[in-house]
Every structure is written in C-alpha cells, then in structure tokens.
Amino acid sequence: MTNLRSIKKNIYYLYIIKIAKWFNLTVPIIVLFFQDNNLSMKEVFILKAVYSIGIIVMEIPSGYVSDAWGRRKSLILGAILGCLGFVIYSLGAGFWFFLLAEITLGIGQSFISGSDSAMLYDSLNSMNRSDEYLKLESRTLSIGNFGEAIAGITAGVIASYSLHLPFIFQAFIASIAIPASLLLVRPENEQLLEGKGKFKEIIMIFKYSLIENKLLKWNIIMSSVIGCSTLSIAWFIQPYLKELNIGTVIIGIIWTLLNLTVGTVSLLSNKINDYLGNNKTCLLIVAFISISYMLIGRNQSIIGIGILFILYASRGVATPILKNNINILTESKIRATVLSIRNFFIRFIFAIITPCLGWYADEFSISSGIVISGMVFFILGFGALFRLFYYRRKIKSKVQKIKI
C-alpha cells in the first residue's frame, strides 16, 4: 500500500515539473537567436511548424502510453526529452541541429501534456481530495505563468551577453524535471489500461470521448476552442502593440504583466466557479474571451491594451475550470488519453484556423484580423457551449425522472 505521505509529495514534484516547463528563458529571444544563426524567417516558421506537428502527431499516442504504462513513466520520458532538446540547442548550430531539437522538444512536451494533470487528479483522488483538483490545478497554472513572467525579464538580461546563453541555462532548468519525475509515486487509485500496446484501444477511447459520451465530447470541443483562442492571441500581441508605436522594452513589460495577470486570476478560479456555478462561469468565459478579441481590434489605443488584460484574466479562469470539467467526466484509466485528445484538438484547430486569420491580417490589418478572430471564436465557442448545455439538461432530466 502506497504511503499517503509519498502521494502527497507528488503535488510538490508536479510543481517543480511545471516550473521547469514554464520558466523558459528562450521564448523571448528565440527569433533573434535564429537570425543570429543566419536562419531566414521561412526557416524559423518551418522549425515552429515542426514543433507543433511533433505535438499533434504524438499527443494522443503519448496519452495512451501514459494510461497503459503509467503517468510516472510518461512524465520521466517527457522530462528527459525536454532537457535533451535544449542540450541539442546548446551544443549545435544551424537549421538541421535546431530541427532535431524542435522535434525532441515537441515529442517531450506531448509526453508531459495530459499526464501531469492526470497524475495530479489521481494523486488527490487517492487521498480522497479530488474536490481540491480545481484549486491545485489553478495553483499549478499560476506557478507556470509567474515563472514565464519572471523568465521574460531574466532572458533579456542574459541574452545581452550572448544569445546562446539562455539555451545553456535552459538546459539546466529543464533538467530539474528529471529528478522530480523520478521521485513521483504511483497513486493507489490510478488504473491502467489492460492489453498494453493495442493501438485499437486508442481508437476505442477516441470513439468513446467524441461519439459515445456526448457530454464529454462537448466539454472537449468547448475547451479546445477556448484553448485555441488563448493560444492564438499570443501571436497577435506583438504586431498589435507595434502598430500602436510601442517600443520593444515596453512590449516586454506588457508581456510580463499579462502573464502575471493569468497567474494571479487563476488562483481565484475555483472561488469564481463556486460562486457563479459552472454554467454561468463557462458562459462568461466564452463571452469575455470572444468579445474581448473584437473590442481589442476596434480600439487601437490604451483602451485596447486594457481589454487585453481582461482577455488574459479570462484565460486564467478558463484553463483550470475547463480541464476540471473534463476530469470529472473521465475514468482514471483513460484520463491522460482524454486530456491528450483535448490538447490535440487545440493544436489541430490552431493549425487549421490561424493561417487563414494570419492571411486576413496580412491582406487588411492586424486589428481587423483580431476582430475576425473574435467573431470566429464567438461562433465556435457559443456553438459548442449551447450543445454542452443541451446535454447537461438532458442528463439532469433523466436523473430527475429516475428519482421520481
């Protein structure tokens, strides 16, 4: 019988893994680093596309590995690959070295994505504390965003000496996730899939999540749309602020403050959800994010920047709550795979929609591209939300009839 004290320590080890993942010194300077290594912008975008493809291709299989072989093993593999990717960046130079690094990082990220949330939920469930998941998921998100904000400032200082230094430092930071993942213990309530290695089980879980369980299906779709919207805005922020003639230093400060906003608000997400109820909270998440997009695009001024902070605050509420909604509906033995399906669809929707939105922004303006994005996410978000509410009412009605 696994010691409950050891299981409790899982939470702190997961915090360390989150810090190693989010305290990223390379993101603020990575394009400058590529240009310093004589890469064209075309090659830069190819590298980032390969990273996303690596995540998309491996997301669901890695979730299955986690469900079949255990969250701990998946997290150990992800931590090793995450460190190795930055080691490759530190030692090598040129497009092909960087391509290998991006593939390694993309695959490593896919093994951590989903497994960390599943490990947290199962650890709490083993201690009869599953009702605390939302609070702790909010806390891990907050830790991650605070780390990202601090890293943004630190990276600028280190990069002033050498653009290569942040990658060397990042390899050491990423390495701390390896001992943290090795120290994790398997929760008592963690259930693993039988018939290890059968690809058809992935198909069965996919079918169950997106066809058979309608409530789970629309939770995944709505969460994916919102996840895509919060991912997409990051690509618009810098050119939007540049159109306002804001300098690079101030842009960096705004970026840091935005991440601090997400981290701070996410700590309150469980209280907001308890106070408003999940239906009203989900409704406000979709409304605030999509309408904020449109208002930001229509206000090329300090007002637009203020609304940007509202959007990021909404992101801080959305991520832990929407993940929790999926966890509640999912069995332990398929939880990592289901969360990976969610992450897969976020990247998939992003890959389909954002090139079109980017083209529109190039043809007209960044502001108009942001407005159109808001319209798209408004339609997709509320479409998914209404279907979710429909199946919630349907299930509630059935339960009431059974009681009668």
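The values are calculated or read from the model by the stated rules, or taken from the named source; none is laboratory data. Keep in mind the model is a prediction, meaning the values are calculated, not measured. Virtual Cβ from ideal backbone geometry, glycine too; neighbours counted across all protein chains shown.
The condition of being within 27 Å of Met119 (Cα to Cα) and out of contact with any Pro (no Cβ under 8 Å at 6 or more places or on another chain) holds for only one of Ile346, Ile307, Ile303, that being Ile346. If you filter segment 175-213 down to residues that are more than 23 Å from the chain's Cα centre (by Cα), modelled with pLDDT under 80 and of a type in the set (A, V, I, L, M), you find that the one that is surrounded by the fewest Cβ atoms within 10 Å (Cβ to Cβ) is Leu192. Using the structure shown, decide if Tyr64 is part of a helix (DSSP H, G or I), among the hydroxyl-bearing types (Ser, Thr, Tyr), surrounded by 15 or more Cβ atoms within 10 Å (Cβ to Cβ) and modelled with pLDDT of 70 or more. No.
Summed over segment 14-35, residues that are assigned to a helix (DSSP H, G or I) and at pLDDT 80 or above total 8. Within segment 380-404, the set of residues being among the polar types (S, T, N, Q) and either surrounded by 13 or more Cβ atoms within 10 Å (Cβ to Cβ) or modelled with pLDDT of 60 or more (or both) comprises Ser397 only.
With the condition kept exactly as written, say whether any residue in segment 240-254 is surrounded by fewer than 20 Cβ atoms within 10 Å (Cβ to Cβ), at pLDDT 80 or above and under 23 Å from Val157 (Cα atoms). Looking for residues that are surrounded by fewer than 20 Cβ atoms within 10 Å (Cβ to Cβ), at pLDDT 80 or above and under 23 Å from Val157 (Cα atoms), one finds at least one in segment 240-254, hence yes. If I filter segment 371-380 for residues that are closer than 28 Å to Asp122 by Cβ, in the same structural domain as Thr264 (by TED's automatic domain parsing) and among the hydrophobic types (A, V, I, L, M, F, W, C), do I get at least one hit? Looking through segment 371-380, none of the residues is closer than 28 Å to Asp122 by Cβ, in the same structural domain as Thr264 (by TED's automatic domain parsing) and among the hydrophobic types (A, V, I, L, M, F, W, C).
Here Val338 clears all of (1) under 19 Å from the mean Cα position of the chain (by Cα); (2) surrounded by fewer than 21 Cβ atoms within 10 Å (Cβ to Cβ); (3) within 18 Å of Lys214 (Cβ to Cβ) except the condition numbered (2). Where helices (runs of 4 or more DSSP H) fall wholly inside segment 86-193, the ranges with 3 or more residues that are under 18 Å from Thr330 (Cα atoms) are 115-126, 133-159.
Within segment 250-264, residues that are in contact (Cβ under 8 Å) with a residue 12 or more places away in the chain reach partners that are among the β-branched types (Val, Ile, Thr) and surrounded by fewer than 16 Cβ atoms within 10 Å (Cβ to Cβ) with beta carbons closer than 7 Å, at six or more positions or on different chains, in the pairs Thr256/Ile153. Residues that are of a type in the set (A, V, I, L, M) and in contact (Cβ under 8 Å) with a residue 12 or more places away in the chain within segment 208-233 comprise Leu210, Leu215, Leu216, Ile220, Ile221, Met222, Val225, Ile226, Leu231, Ile233, listed in sequence order.
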